[in-house]
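Working notes, structure below.
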Amino acid sequence: MATDIAERSAALERLDWDHLHFYVGNAKQAAHYYATAFGFRITAYAGPETGVMGRASYLLEQNRIRFVLTSALGPDDPIARHVLAHGDGIHDVALRVADARAAFAAAVAAGAQPVTEPREVSDGHGKVVLATIATYGDTVHSFVERDAYRGPFLPGFVPLERAAQAPYDAGLLAIDHCVGNVGWNEMDRWGDYYAKAFGFSQLVSFDDKDISTEYTALRSKVMSDAQHRVKFPINEPAAGLKKSQIEEYLDFYGGAGVQHVAIATDDIVTTVRALRANGVEFLSTPASYYDKLSERVGAIDEATAVLREQSILVDRDDLGYMLQIFTKPLQDRPTLFFEIIQRRGSLSFGKGNFKALFVSIEEEQAKRGTL
Ligand code: FE2
């Protein structure tokens, strides 16, 4: 069935991030970690006490970012099986839409695999409409229509004010992009999927000449909505002398999944200092990177010495420049990590930093014996 493009773009007109849903082994403890290390507030809870049987979920919020962490309370649950297969990770990259039924219908008509048909859920705070489609691996996208809802998050959740608090305020503002790692030669297929099901267009692509070191390589393309609010880079491994970091991810995650989430700040130096003081570990940057920095990116407001001290990377494009840094993996499996990003005009994803960064990732892979 052919879908009218105008109809589809209307369905996704006000597309934005809604929340990221993590499936984890122990949501209570994971919530404490994200709160005290990254500065989130634990603001709502759903579980047996609120009428949700067999699961416990915590809502974490910081400025415009919402994470939900959920654990199963027994073994016969898809969440328990997800954690067994993948370890802790992001199952649902949920998107806010004006009309969840229309977004679902348009995506499915364009070839998306339906997971849950549109359904209305309500409580005393109003109603939401939810629908879910599949994407790469066991990852899904839920559409969330919440204009008619005034509760703390979704029906089933009750407000919670947990005392867990980060020693230093992180100042994390919003999600900038969310990256998927897919298997060998699958990047184009998933890029096409976002073009068809979401009406996204390709913002930029990188081949293995851009993203390779002496040893390892990957390919990447960035799919985005027209407003550049929701950006989905897709990575696939490329052949190198040694094992690509994407292959390492696929091995440990058990297939395709979310590799990293980039979180925006308007003061990356203060944010990174606070996160380090809260115990967050970042990848280091080879010292030689800073020797050529001003030659490569020109004049910037930040002092090179401070960037060097914090291992913050810089890249420039026609529109401006951006600063970024990557955490080490957030769990014992070398899978999901965060990027902290500050854009000063630039729409770049850090192409100029890939090489410096991958040398650093390879050093970590070598320590794990997986290079
Ligand atoms: Fe990124």
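The values are calculated or read from the model by the stated rules, or taken from the named source; none is laboratory data. Remember, it's a predicted structure, so these values are computed and weren't measured experimentally. A quick note on method: Cβ atoms are made from the backbone with ideal geometry, for glycine too, and the neighbour counts reach across all protein chains shown. For accessibility, only protein heavy atoms count, side chains too; no ligands or nucleic acids. Shrake-Rupley method; radii C 1.70, N 1.55, O 1.52, S 1.80 Å.
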*Looking at region 340-347, is at least one residue open to solvent by 30 Å² or more (accessible area, probe 1.4 Å) and within 15 Å of the ligand (Cβ to nearest atom)?*
yes
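Residue by residue through region 283-318, note down the ones that are closer than 22 Å to Lys231 by Cβ and surrounded by 12 or more Cβ atoms within 10 Å (Cβ to Cβ). It would help to see each step written out before you state the result.
Taking region 283-318 as the starting set, the residues that turn out to be closer than 22 Å to Lys231 by Cβ are 283, 297, 312-318.
Answer for region 283-318, where residues must be closer than 22 Å to Lys231 by Cβ and surrounded by 12 or more Cβ atoms within 10 Å (Cβ to Cβ): Leu283, Val297, Ile312, Leu313, Val314, Asp315, Arg316, Asp317.
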*Specify the residue that is surrounded by the most Cβ atoms within 10 Å (Cβ to Cβ); the eligible residues are those in region 135-154 that are farther than 21 Å from Leu84 by Cβ and aromatic (Phe, Trp, Tyr).*
Phe143
*Would you point out which residue out of Ala31, Ala112 is assigned to a helix (DSSP H, G or I) and either within 25 Å of Phe198 (Cα to Cα) or in contact (Cβ under 8 Å) with a residue 40 or more places away in the chain (or both)?*
Ala31
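Quick check: is even one residue across region 264-276 free of Cβ contacts under 8 Å to residues at least 40 places away in the same chain and away from the ligand (no atom under 16 Å from the Cβ)? Walk me through how you get there before you give the answer.
Step one: of region 264-276, the residues free of Cβ contacts under 8 Å to residues at least 40 places away in the same chain are 276.
Filter once more, keeping what is away from the ligand (no atom under 16 Å from the Cβ): 276.
Looking for residues that are free of Cβ contacts under 8 Å to residues at least 40 places away in the same chain and away from the ligand (no atom under 16 Å from the Cβ), one finds at least one in region 264-276, hence yes.
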_Complete set of residues in region 220-253 that are aliphatic (A, V, I, L, M) and buried (at least 20 other Cβ atoms within 10 Å of the Cβ)_ = Val222, Met223, Val230, Ile234, Ala238, Ile246, Leu250
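For (1) in the same structural domain as Lys221 (by TED's automatic domain parsing); (2) out of contact with any strand residue (DSSP E or B) (no Cβ under 7 Å at 6 or more places or on another chain); (3) away from the ligand (no atom under 16 Å from the Cβ), each residue gets a yes or a no:
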| residue | (1), (2), (3) |
| --- | --- |
| Pro286 | yes, yes, yes |
| Tyr289 | yes, yes, yes |
| Ala305 | yes, yes, yes |
| Glu309 | yes, yes, yes |
| Leu319 | yes, no, yes |
| Arg333 | yes, yes, yes |
| Phe338 | yes, no, no |
| Gly350 | yes, no, no |
| Glu364 | yes, yes, yes |
_As an exercise: evaluate Gly111 against (1) open to solvent by less than 30 Å² (accessible area, probe 1.4 Å); (2) more than 23 Å from the chain's Cα centre (by Cα) and give the number of the one condition it does not meet._
(1)
*Consider only pairs whose beta carbons are under 8 Å apart and that are at least six residues apart or on different chains; among these, list those whose first residue lies in region 70-96 and is on the phi > 0 side of the Ramachandran plot and whose second residue is among the basic types (Lys, Arg) and surrounded by fewer than 21 Cβ atoms within 10 Å (Cβ to Cβ).*
Gly87/Arg333
*Among the listed residues Arg308, Arg333, Arg344, Arg276, which satisfies the condition of being within 30 Å of Pro167 (Cα to Cα), basic (Lys, Arg) and part of a loop (DSSP other than H, G, I, E, B)?*
Arg333
*Is there any pair with a first residue in region 229-240 that is away from the ligand (no atom under 16 Å from the Cβ) and a second that is assigned to a loop (DSSP other than H, G, I, E, B) whose Cβ atoms are under 7 Å apart and which are 6 or more apart or on different chains, and what are they?*
Pro237/Trp184; Pro237/Ser244; Ala238/Asp208; Ala238/Ser244; Gly240/Tyr215; Gly240/Thr216
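Every residue, every condition in (1) under 24 Å from Ala166 (Cβ atoms); (2) touching a Cys at 6+ places or on another chain (Cβ under 8 Å); (3) among the aliphatic types (A, V, I, L, M), yes or no:
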site: Arg55; (1), (2), (3): no, no, no
site: Ile65; (1), (2), (3): yes, no, yes
site: Pro75; (1), (2), (3): no, no, no
site: Ala100; (1), (2), (3): no, no, yes
